[in-house]
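I have placed the structure first, in the form of structure tokens, so that the comments after it can refer back to it.
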Amino acid sequence: MSIPHDKLDRTKNEIRLISFHRNNTSPLQISLKTVSKDENPRYHCLSYVWGDPTPIWPIVVDDAQVLIAKNLGEALQRVADEKDVEFLWVDALCINQEDEEEKMHQVHMMNNIYSDAVAVLAWLGPEADGSGDVMDEISRDEHTELVSACVHSPFLNLTNEETRALKLFLARPWFHRAWTFQESVLATSAQIHCGSYLFSKKMIYETIYRNLDVSSDARSAEPGSTDYRRLSKTLSVRESWLTYDFSIAELLMSRRGSQCKDPLDLVYSLLGVAIDISGIEPDYTKGVQEVFVAITRHIITTTQNLSILNEVNTERFDDSLPSWVPDWRERKLETAFSKLCGHDTVFRGTLRDFELNTVDDAIRFRVQGRYLDVVQYQVDADDVDAIIDLFNGRVRMKHSLYDDAKELVLIQTMALGARHCPKSLCDKIESGDFDHA
């Protein structure tokens, strides 16, 4: 039997909330209630990973027995023990998953749903793989206030077995799913549940920070190993969100390759956090190509530079995307050159604004440029020595179109970008006037 849902009134910003029947019966009994966000209802939100969607866990919703996924069932069973949780918002239950229009509208509201909650309750799953030992160690540090020292503190006093357990803990899907990022970022208060253990978000994050970059052993390719550099970057974004405005490009670069069932969620899960997404609405009737092309066009037109093209991997696993559109389903393939320049480098050879010309074919775009010089030397992006030789001027090139200006143009084009260049020099680059005395 499916979950009974009444129709929501969008004009009243209505949402559904669940309440628990705390009568110690099995299966768990809950009720659905429709409320208006305009009336400032008091509720908590659940942040969890859907996991295996096979409905095997029985619950009773308004006298109707239904089956839900196991991970959600375990999460509800745990939260039902929290006496201060009167009403709870859970996406899988409070959104009619069979109504695409409702789903898109509720996704659009998620920013306010999570940020207005009393607290977000994050469910990482039951205790497993020695996580209890790790939780015990975190608890001891919490009581002695050692965790407050954060990144520069020494390693937790973990044994080899506990270190492996910590790695397995960090590999849990909750840390790497697309939607859990926004859910934890928007939370004014958050509690982390792992089995019977309960911690604050700050406590977990600071513990992770202290253990990410201290030991090469923490990056070994053992079972449960994960991308710690990427996880560290994600946590930095989470903690900086209240004091720094993140663009959609920055968030996509940080979160690319996140785990999700629908690739569109790689974009839609960030709309509630990014500041420059005016005009972008979640629409699950669109395909991956259409959404990825649209967001890339949006980034180029709003930033007025083409640096997002640097996010296109040299090796593509899906040829259906245009060559200029990054595949956000894939992690960034780092090269020696990209590590040298970093993600903040702006590849823009002029201070002038430009227009992204439209063409009949929606997967192509056209921009104007200026003929500056010809490519005379090519190195592999992973050849560190060759790149250093090129930047240090140890490579002998043939006659350049503008003679002595070639080194200046090389640095300006490949490393510094026009934002770091005097306007007088940009004028010379655009006009081709390199007549030196």
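The values are calculated or read from the model by the stated rules, or taken from the named source; none is laboratory data. What you see is a predicted model; the values in this text were computed from it and never measured. Cβ: placed from backbone, ideal geometry, glycine included. Neighbour counts: every protein chain shown.
Might you check whether a residue that is over 12 Å from the mean Cα position of the chain (by Cα) and at positive phi occurs anywhere in region 280-294?
No.
What's the number of the condition ILE56 fails, among (1) closer than 16 Å to SER31 by Cα; (2) more than 29 Å from the chain's Cα centre (by Cα); (3) β-branched (Val, Ile, Thr)?
Just one mismatch for ILE56, condition (1).
Considering ILE15, ILE68, ILE59, which residue is buried (at least 20 other Cβ atoms within 10 Å of the Cβ), in contact (Cβ under 8 Å) with a residue 60 or more places away in the chain, within 28 Å of PHE181 (Cα to Cα) and β-branched (Val, Ile, Thr)?
Result of the check over ILE15, ILE68, ILE59: ILE15.
Mind listing whichever residues of region 84-104 are more than 29 Å from the chain's Cα centre (by Cα) and in contact (Cβ under 8 Å) with a residue 40 or more places away in the chain?
Taking region 84-104 and keeping what is more than 29 Å from the chain's Cα centre (by Cα), we get 84, 86.
The answer is GLU86, and nothing else.
Name, by its number, the condition in (1) in a loop (DSSP other than H, G, I, E, B); (2) small (Gly, Ala, Ser); (3) closer than 18 Å to ASP276 by Cβ that does not hold for SER323.
The number of the failed condition is (3).
Taking the residues in region 92-113 that are modelled with pLDDT under 95 and buried (at least 20 other Cβ atoms within 10 Å of the Cβ) as candidates, determine which candidate is farthest from ASP38 (Cα to Cα).
By that ranking, first place goes to VAL107.
Please go through (1) within 16 Å of CYS94 (Cα to Cα); (2) modelled with pLDDT of 95 or more; (3) exposed (fewer than 13 other Cβ atoms within 10 Å of the Cβ) for ASN40 and return the number of the only condition it doesn't satisfy.
(1)
Taking the criterion of being closer than 18 Å to ARG256 by Cα, surrounded by 13 or more Cβ atoms within 10 Å (Cβ to Cβ), touching a Pro at 6+ places or on another chain (Cβ under 7 Å) and hydroxyl-bearing (Ser, Thr, Tyr), would at least one residue in region 302-311 satisfy it?
Within region 302-311, none of the residues are closer than 18 Å to ARG256 by Cα, surrounded by 13 or more Cβ atoms within 10 Å (Cβ to Cβ), touching a Pro at 6+ places or on another chain (Cβ under 7 Å) and hydroxyl-bearing (Ser, Thr, Tyr).
Test each condition in (1) on the phi < 0 side of the Ramachandran plot; (2) modelled with pLDDT of 75 or more for GLN304 and report the one that comes out false.
It is condition (1) that GLN304 fails.
With at pLDDT 95 or above and not in a strand (DSSP E or B) as the only criterion, which of LEU8, LEU17, LEU32 stands out?
LEU8
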